[in-house]
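Please read the structure below before turning to the comments.
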């Protein structure tokens with residue numbers, strides 16, 4: 001057991017309001033009524049945090065495969081349609097010498113979602129099996145997941161931008177292909193999994 005010598009709020013009989021961050025007296029129950037300042041429900045830990053996080057992470061894992069293997073963009077040039085996956089776009093940019101753009105799309109569209117899913121599964125498994133090692137590092141890892149989540153929609157932003165800028169009726173049109181909703185699903189599931197997860201559960205273990 002890791003003992004840092006610091007008394008936690010839970011040990012001191014206090015609970016934190018997740019809305020206004022006011023410390024209120026705790027009674028040891030999971031539900032502690034409402035916050036006297038903002039009226040929000042007070043809980044020692046987020047209710048059903050693990051179950052919801054597991055469900056969202058597994059959903060993201062399932063959606064990850066069609067998001068990457070199905071075509072994400074349809075380019076219709078003078079009546080000749082061309083479907084491309086995320087990896088097709090990355091390969092195209094590298095072949096054209098645009099290594100920076102290719103690297104950004106590779107990182108934001110493939111590596112970051114994969115990194116988030118793997119790290120969230122690792123954190124959830126460490127709580128399930130009560131692994132007590134590297135707790136500080138796992139907490140830092142979770143903060144990184146929260147921070148990079150805002151950049152995960154880059155591919156969808158690129159398609160939306162191209163749809164506006166490169167849309168000449170009868171000449172060239174760009175539209176989202178079947179993989180787009182799956183990719184959005186991956187991003188949303190990982191984002192909500194990070195929001196739902198309570199990192200204090202790592203230390204409770």
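Determine if the range 27-41 includes at least one residue that is within 24 Å of residue 202 (Cβ to Cβ) and either in contact with a helix residue (DSSP H, G or I) (Cβ under 8 Å, 6 or more places away or on another chain) or at pLDDT 75 or above (or both). Yes, that holds for at least one residue.
Of the residues making up the range 83-134, those that are closer than 18 Å to residue 66 by Cα and outside any helix (DSSP H, G or I) are 83, 84, 85.
Select from the range 58-67 the residues that are surrounded by 15 or more Cβ atoms within 10 Å (Cβ to Cβ) and under 11 Å from residue 114 (Cα atoms) and list them in ascending order. 60, 61, 64 - these are the residues of the range 58-67 that are surrounded by 15 or more Cβ atoms within 10 Å (Cβ to Cβ) and under 11 Å from residue 114 (Cα atoms). Among the residues of the range 96-123, those that are modelled with pLDDT of 85 or more and over 20 Å from residue 185 (Cα atoms) comprise 99, 103, 122, 123.
Against the criterion of being under 27 Å from the mean Cα position of the chain (by Cα), in contact (Cβ under 8 Å) with a residue 60 or more places away in the chain, surrounded by 14 or more Cβ atoms within 10 Å (Cβ to Cβ) and assigned by TED's automatic domain parsing to the domain that holds residue 197, residue 74 qualifies. Residue count for the range 189-199 satisfying the condition of being crowded, with 17+ Cβ neighbours inside 10 Å and assigned to a helix (DSSP H, G or I): 7.
Yes or no, residue by residue, for (1) under 16 Å from residue 107 (Cα atoms); (2) at pLDDT 80 or above:
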site	(1), (2)
57	no, yes
77	no, no
87	yes, yes
90	yes, yes
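Under 18 Å from the mean Cα position of the chain (by Cα) and surrounded by 17 or more Cβ atoms within 10 Å (Cβ to Cβ): is that true of residue 55 in this structure?
Values: under 18 Å from the mean Cα position of the chain (by Cα): yes; surrounded by 17 or more Cβ atoms within 10 Å (Cβ to Cβ): no.
For residue 55, the condition - under 18 Å from the mean Cα position of the chain (by Cα) and surrounded by 17 or more Cβ atoms within 10 Å (Cβ to Cβ) - is not met.
The values are calculated or read from the model by the stated rules, or taken from the named source; none is laboratory data. In this text the structure is predicted, and so the values were computed from the model without any measurement. Please note: Cβ atoms are built from the backbone with ideal geometry, for glycine as well, and neighbour counts cover all protein chains shown.
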